[in-house]
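Below is one structure, written out as structure tokens; the observations come after it.
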Amino acid sequence: MEFAIHAEGLRKRYGDHDALAGVDLHVPPGTVLGLLGPNGAGKTTTVRTLATLVAPDAGHARVAGFDVVSQPREVRRRIGLAGQYAAVDELLTGRENLVLLGRLLGLARRPARRRAAELIAAFGLEYAADRTAKTYSGGMRRRLDLAACLIARPHVLFLDEPTTGLDPSSRLLLWQLVREQVAQGVTVLLTTQYLEEADALADRITVFGKGQVIAEGTADELKRKVGDERLEVSVARPDALQPALAALSRVAAAPPSVDESARRICVQLADGLGAVATAAMELELAQIPVEDFALVRPSLDDVFLQLTGETATGPTGGDGPAGPTAPAASTTPAAPMQGAVS
Ligand SMILES: Nc1ncnc2c1ncn2[C@@H]1O[C@H](COP(=O)(O)OP(=O)(O)O)[C@@H](O)[C@H]1O
Ligand SMILES: [Mg+2]
């Protein structure tokens with residue numbers, strides 16, 4: 001088996017709206033693909049299609065070596081799906097939830113209890129294992145949800161916005177748990193609105209816009225697409241701006257841009273570190289009073305904004321019945337897809 005997830009030309013239409021307008025995905029085993037995109041871009045529809053919950057109108061996909069349309073049972077046996085809406089029974093304890101799922105998946109009672117205990121320990125839920133799930137915090141619930149979809153030791157894990165609305169420490173913990181799965185060889189497809197989440201977890205990132213793949217690559221590749229590193233130099237006095245500009249122009253790959261009110265010059269350098277050193281020397285030789293000297297890389301925020309022209313607070317395609325709603329802003333540690341370009 002070459003790819004753990006292999007989709008080609010996936011299409012899904014709802015009414016006269018293309019939720020998926022021809023999607024290709026190739027995810028090697030043991031890697032994490034981050035699916036990034038604004039609300040309504042088709043992330044959940046993609047996940048649901050690959051998890052055999054939605055039948056595509058066209059195209060085909062193989063997951064863990066099996067066709068999602070003609071071999072759904074084989075696929076289901078090898079995948080785990082955790083969504084923003086936890087599939088947790090509120091009235092059962094954490095342990096009961098896991099044991100029940102194990103039983104439903106065909107485990108005998110003893111192995112089901114053993115697997116539940118194993119996951120409870122691995123996910124740091126021992127102290128709450130015998131409390132009803134309705135007493136769990138959001139972070140604990142997500143952990144239980146993730147544990148639940150690992151019962152049958154899936155080869156491929158689908159995580160649809162797994163940390164939306166979580167506080168920072170719960171988010172970090174969940175990232176750690178996901179990394180542990182990947183270290184064990186599990187393939188993960190993760191949708192997210194958090195650029196830093198994709199940056200932190202994903203080997204490769206696919207950016208979705210309006211049901212289509214609009215960009216693909218590693219975080220670094222995507223950042224490079226938007227532009228190379230640039231040097232930002234702020235001077236201490238307004239009268240230093242012109243001589244600084246003259247000095248920096250000697251190492252610039254393109255005409256520098258000047259922000260007079262911030263007394264800042266932004267310059268694209270010709271080549272890596274050498275140019276940075278030369279720029280510093282030119283400024284020193286010209287005795288420019290430099291206040292700040294920084295090499296700035298484009299962020300994934302820049303990438304996202306440039307590719308989709310959208311921010312989380314900007315216009316969105318709306319949310320489908322299957323899609324989660326926007327995260328509660330008060331509980332999110334970092335604003336997803338901030339519009340500000342640094
Ligand atoms: N069951 C459905 N019926 C009708 N429209 C849907 C359904 N599911 C999704 N859609 C629409 O398909 C588009 C993609 O939705 P979705 O995959 O949920 O996006 P995302 O997860 O990226 O926010 C949206 O415009 C949404 O309204
Ligand atoms: Mg969604």
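Only the coordinates and a few stated rules stand behind these numbers; no lab work does. What you see is a predicted model; the values in this text were computed from it and never measured. Methodologically, a virtual Cβ is constructed for each residue, glycine included, from the backbone with ideal geometry; neighbour enumeration extends over all protein chains shown.
What does the charge count near Ser169 come to, summing +1 for each Lys or Arg and -1 for each Asp or Glu among other residues with Cβ under 14 Å from its Cβ?
Once positives and negatives cancel, what remains is +2.
Quick query: amide H of Glu216 versus all other amide H atoms, modeled in the peptide plane; which residues come in under 5 Å with a sequence gap of 5 or more or a different chain?
Here the answer is Val207, since their amide H atoms fall under 5 Å of that of Glu216.
Need one number: the % of Cα-Cα pairs in the stretch 59-145 sitting beyond the 18 Å mark.
It works out to 50 percent of all Cα pairs.
Mind ranking 157-168, 205-216 by how tightly packed they are, going by the mean number of other C-beta atoms within 10 angstrom, highest first?
Peptide ranking by packing, descending: 157-168, 205-216.
Would you mind checking which residues have amide H under 5 Å from Thr93's amide H? H placed 1.01 Å from N; only 5 or more apart, or other chain.
Those qualifying (amide H under 5 Å, at least 5 residues apart or on another chain) are Ala133.
For the stretch 169-185, just list the computed ³J(HN,Hα) in residue order, Karplus coefficients 6.51, -1.76 and 1.60, θ = phi - 60°, integers in Hz, with x standing in for Gly and Pro.
6, 5, 5, 4, 5, 5, 4, 4, 5, 5, 4, 5, 5, 4, 4, 8, x
Report the net charge of residues surrounding Ile79, where surrounding means a beta-carbon distance below 15 angstrom and charges are Lys +1, Arg +1, Asp -1, Glu -1.
+3
Quick check on the stretch 228-297: what does the Kirkwood estimate of hydrodynamic radius come out to from the alpha carbon pairs, in Å?
Roughly 11.5 Å, rounded to one decimal.
As a check on your grasp of the helix formula, calculate [θ] at 222 nm for the chain: sum -39500 (n - 2.57) over DSSP H runs of n ≥ 4, divide by the residue count, round to the nearest 500.
After summing the helix terms and dividing by residue count, I get -10000 deg cm²/dmol.
What's the ranking of 177-186, 88-97 by average number of surrounding C-beta atoms within 10 Å, highest first?
So the peptides 177-186, 88-97, ranked by packing, come out 88-97, 177-186.
Rounded to two decimals, what is the ratio between the C-alpha radius of gyration of the stretch 1-73 and 2.2 N^0.38 Å?
Ratio of Rg to 2.2 N^0.38 Å for the stretch 1-73: 1.05.
Given charges of +1 on the Cβ of Lys and Arg and -1 on the Cβ of Asp and Glu, with all other atoms neutral, how large is the dipole of the stretch 248-309 about its Cα centre, in debye to the nearest 20?
100 debye
Whose amide H sits under 5 Å from the amide H of Gly37, counting only residues 5 or more places off or on another chain, with H placed in the peptide plane?
Here Thr192, Phe208 satisfy the definition.
Let me have the relative contact order for the chain, percent, based on Cα pairs under 8 Å that are six or more residues apart.
Once divided by the residue count of the chain, the mean separation gives 20 percent.
From the mean inverse distance of alpha carbon pairs (Kirkwood) and the Cα radius of gyration, derive Rg over Rh for the stretch 116-253.
That ratio equals 1.20.
How long are the semi-axes of the equivalent ellipsoid of the chain, taking √(5λ) for every eigenvalue λ of the Cα gyration tensor, in whole Å from largest down?
For the chain, the ellipsoid semi-axes come out as 45, 23, 18 Å.
Report the label-to-label distance for Glu90 and Ser70 in nanometres (one decimal), using points 7 Å from each Cα along the Cα→Cβ vector.
Going by the 7 Å Cα→Cβ label model, 4.4 nm.
What does the net charge come to around Ser137 if you take all other residues with beta carbon closer than 10 Å to its beta carbon, with K and R at +1 and D and E at -1?
+2
Sort Tyr136, Tyr127 by Cβ crowding within 10 Å, fewest neighbours at the top.
Taking fewest neighbouring Cβ atoms as first place, the list is Tyr127, Tyr136.
Apply the Karplus curve 6.51 cos²θ - 1.76 cosθ + 1.60, θ = phi - 60°, to the phi angles in the stretch 212-223 and return the couplings in whole Hz, x for Gly and Pro.
10, 7, 9, 6, 8, x, 6, 4, 5, 4, 5, 5
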